[in-house]
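Visitor: Take this structure first; my questions come after.
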Amino acid sequence: MSANNITHKIKFEIKQINKLLQDYKKLIEDAKKNSPNINDIAALAAILHSFYNGVENIFSLIAKNIDEDYDLSGDRWHKDLLNQMVKEKNMHILMI
């Protein structure tokens with residue numbers, strides 16, 4: 001995948017994350033001030049899940065296309081991906 005394509009995909013994921021946070025800004029702010037009800041908790045959990053998926057998509061793009069060191073096999077691939085992102089590599093800076 002070309003550098004332009006990787007950059008485009010990462011920018012798309014960041015745009016989606018920003019849109020998610022903007023769309024639910026009021027709910028997030030309200031939850032900081034008041035104890036959320038069960039419906040708000042479910043919505044906040046879905047927001048957190050979507051946020052993390054976006055971040056994980058960015059990390060996966062970096063691991064696969066920049067580090068060229070990506071293995072989705074096994075039960076620990078999520079943890080392995082995070083561990084990879086906390087290490088500075090030749091082609092990317094420290095991500096977390």
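What follows draws every value from the coordinates through simple rules; no lab data is involved. Note that the coordinates shown come from a computational prediction; the quantities given were computed from them, not determined experimentally. Cβ sites come from the backbone with ideal geometry, for glycine too, and all protein chains shown count toward neighbours.
Visitor: Give me the tail of P(r) for segment 3-85 as a percent: Cα-Cα pairs with distance above 22 Å. Each step should come with its number before you reach the end.
Guide: Values: 1362 of 3403 pairs.
Across segment 3-85, Cα pairs with separations above 22 Å total 40 percent.
Visitor: Just add up the charged neighbours of ILE28: K/R +1, D/E -1, any other residue whose Cβ is under 14 Å from the Cβ of ILE28.
Guide: Working: positive: LYS19, LYS25, LYS26, LYS32, LYS33; negative: ASP23, GLU29, ASP30, ASP40.
Result for the local shell: +1.
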